[in-house]
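Report on one structure; see the data block that follows.
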Amino acid sequence: MTPGEPAVAVETPATSNSPELLVRVEHAAKAFGATRALRDCSFELRAGEVHALVGENGSGKSTLVKILSGVHVPDSGRVEVAGSEVQLRSPKAAQDRGIATVFQEVLVARDCSVLDNVWLGADATWRARIPGREKRRLAKAALEELLGRPVDLGAIVDELSLSDRQACCIVRALLRRPRILILDEATSSLDSESEALIQDGLRSLRAGRTTFVIAHRLSTIRSADQILVLEGGEIVEHGTHDELLAAEGRYRQLYDKQYRFERNQFINPGEDFTPEPEKPLAVGQDASGPLLPTNL
């Protein structure tokens with residue numbers, strides 16, 4: 001994009017078979033004092049899709065996600081959720097619209113148990129009172145799917161590793177049964193081994209869920225339905241991973257730069273760095289996973 005060009009508007013062509021349009025952002029802008037953090041951003045997000053935001057620090061990624069999460073209100077532009085224009089003036093307003101966010105910061109009640117943490121604030125989103133045994137079953141199933149090992153629901157969170165504490169945050173968001181799950185660099189503070197473990201578990205837990213992801217490692221978003229590339233607060237490119245690589249634009253530059261760095265830093269001679277793509281769901285597999293029991 002050259003100076004003076006209009007920002008890229010990302011629209012999904014509608015057909016009779018198109019999934020439900022859950023989010024439409026039109027010409028959103030946000031400034032903090034003299035700094036314009038977001039400029040004329042427009043995009044659409046449909047049910048079941050995974051959209052990823054990429055860009056260097058200061059490109060506007062977090063500002064855009066915080067607008068969708070109700071942390072910031074845009075100075076101008078429109079945000080529609082499920083067909084209605086809304087003002088998401090608080091995280092509670094976003095939650096009431098079915099939006100759950102996991103931020104990079106690990107937000108836990110450190111002196112409480114794992115079980116108390118994963119259900120913190122989630123009860124109100126269920127229409128029926130959940131028996132304690134069912135709470136334990138749901139929390140245990142989700143945490144063990146995410147971490148790939150047994151968990152102690154009675155453990156005090158302050159005594160856990162950083163990756164286990166962040167797992168509590170992720171499962172807490174999922175237990176809200178959100179229509180839209182936002183992951184704002186949710187695993188970027190973890191070491192590479194812990195991040196890979198949680199990313200593997202998260203793939204199955206969010207399968208079929210509408211997801212909006214900020215990714216600091218581009219290898220984790222290769223299978224996204226749409227990747228939005230931000231620069232200077234504007235969406236300058238959009239497309240799938242393969243489309244953007246073929247376009248030889250800004251995304252290609254970011255990907256090649258990160259690929260070279262990680263290959264030089266972490267890969268031994270003769271090893272293949274190329275990550276495996278996510279596996280599709282098997283035919284008939286329930287995309288909602290263990291979090292939505294039919295008896296509630």
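The values are calculated or read from the model by the stated rules, or taken from the named source; none is laboratory data. Note that this is a predicted model, so its numbers are computed, not measured. Virtual Cβ from ideal backbone geometry, glycine too; neighbours counted across all protein chains shown. Calculation scope for accessible area: heavy atoms of the full protein, side chains included, ligands and nucleic acids excluded. Shrake-Rupley method; radii C 1.70, N 1.55, O 1.52, S 1.80 Å.
Annotation: lysines with alpha-carbon distance below 25 angstrom to LYS140 (same-chain offsets under eight excluded): LYS279. Put simply, the convex hull of the Cα atoms in the stretch 182-228 casts, on average, a shadow of 3.2 nm².
With protein chains left intact and a 1.4 Å probe, residues in the stretch 74-119 average 52 Å² of accessible area per residue. Centre-to-centre, using Cα atoms only, the stretch 217-261 and the stretch 128-170 are separated by 34 Å. Computed 3J(HN,Hα) for the stretch 218-229, one whole-Hz value per residue from the Karplus formula 6.51 cos²θ - 1.76 cosθ + 1.60 where θ = phi - 60°, is 5, 5, 8, 10, 4, 9, 4, 5, 8, 10, 9, 9, glycine and proline marked x. Ordering of 168-180, 197-209, 235-247 by packing is 168-180, 197-209, 235-247, highest average first (other Cβ atoms within 10 Å, averaged per residue).
Per residue, the accessible area of the stretch 139-206 comes to 36 Å² when a 1.4 Å probe rolls over the protein heavy atoms.
For HIS27 and LYS92, a Förster radius of 30 Å and the Cβ-Cβ distance give a FRET efficiency of 0.75, rounded to the nearest 0.05. The accessible surface of the stretch 150-254, taken with every protein chain in place and a 1.4 Å probe, is 44 percent carbon and sulfur.
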